[in-house]
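Heads up: the structure comes next, in C-alpha cells.
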Amino acid sequence: MSQIILVRHGQASFLADDYDKLCANGEAQSGLLGQFWSQRGVVFDAVYSGPRARQRETARIVGEAYRSAGIAFREPKVMNEFDEYQAEAVLRECLPQLLHDNPEIREMRREFEAALDHADRRKTFQQLFEAVISTWVAGEITAANVESWNDFCLRVERGLAQVIRDTPPSATAVAFTSAGPIGAAMRRALHLSPEDALQMTWMSRNASFSEFLASGERFTLSTFNAHPHLDGDGLLTYR
C-alpha cells in the first residue's frame, strides 16, 4: 500500500488584510514539522501543494528544515485540486440573506462587531463563520457562481486519485493543503455525510498531518490531525 499524508498549512494571518499569508506562529509551526520529520528520517517520494500562498509557504519551510539537516526534499508540485473551498465567496454571497432571514446569525454578527479585543473577535468571527458555512454545506442556502461543497469534495477526490495513481506501493507522498481538503479526504475514507465531513475541518489543527493508506480503490484513514511536534505554548491553533 502507498501512504498519502495531508498537511494542514501553518497558522495564517487571521483577521489581517491578507489572510493568505503565514503569521510568525505559522512559520514556527511549519519549521517544527520539518524538524520533527527530518530528525526521524521521514522521506517523501513525492511532494505536492495546493496553490494558496499559505499552503506553498508551509511546504517551503518544511523543505528548508530538511535541507538544513542535509536531507533532500523534493520541489512541491502545485495542484489546484488541493485548494481550499471558496469560503470568502460563500460569506460574501450568503451572509446578507442570512442576516435578513436568520435571527441567530444576526446576533452572531452583532457580537462580532461589538467585540473589542482580538481574542473576542477571533471567537465571535469563528462562530459566525461556522454557522454560515454549515448552512451552505447543508444546502439550506446557495452561493451564485461558487463551487458547491459537493463539487469541492469531488475536486479534492480527483486530486487524491491522481496522487494515488502516481505513488507506487510502499512509497509515501505528502500534500500541503488546508482543512477543507482534509475534510474531503476524511469524507472519502470514512464515507461521511457532508455535515460530518465539515465537522472534521473544524477539528484540524494548523500544521497537523493526517495519514491515509491507499491501494487501488481502497483509501483508509491511518492517523488524523496528528501534532506531536507542536508541544510549546501557543502552538496549538485552529485558525
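Quick grid of which residues meet (1) touching a helix residue (DSSP H, G or I) at 6+ places or on another chain (Cβ under 8 Å); (2) farther than 12 Å from PHE209 by Cβ; (3) in a strand (DSSP E or B):
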{"residue": "GLY26", "(1), (2), (3)": "yes, yes, no"}
{"residue": "PHE36", "(1), (2), (3)": "no, no, no"}
{"residue": "ARG54", "(1), (2), (3)": "yes, yes, no"}
{"residue": "GLY63", "(1), (2), (3)": "yes, yes, no"}
{"residue": "GLY70", "(1), (2), (3)": "no, yes, no"}
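Under the condition of being part of a loop (DSSP other than H, G, I, E, B) and of a type in the set (Phe, Trp, Tyr), which residue from segment 72-101 is farthest from the chain's Cα centre (by Cα)? Per the stated criteria, the residue is PHE73. Restricting attention to segment 49-60, the residues that are buried (at least 24 other Cβ atoms within 10 Å of the Cβ) and either touching a Gly at 6+ places or on another chain (Cβ under 8 Å) or of a type in the set (Asp, Glu) (or both) total 2. Listed by first and then second residue, the pairs with beta-carbon distance under 8 Å, at least 6 apart or on different chains, first residue in segment 96-111 and without any contact (Cβ under 8 Å) to a residue 60 or more places away in the chain, second outside any helix (DSSP H, G or I), are GLN97/ILE141; LEU98/ILE141. Against the condition part of a helix (DSSP H, G or I) and surrounded by 14 or more Cβ atoms within 10 Å (Cβ to Cβ), how does ILE141 come out, does it pass? Taking the combined requirement at face value, the residue does not satisfy it.
Where a number appears in this text, it was derived from the coordinates with a stated rule and is not lab data. Since the model is a prediction, treat every value here as computed from it, not as a measurement. We place every Cβ from the backbone using ideal geometry, glycine too, and count neighbours over all the protein chains shown.
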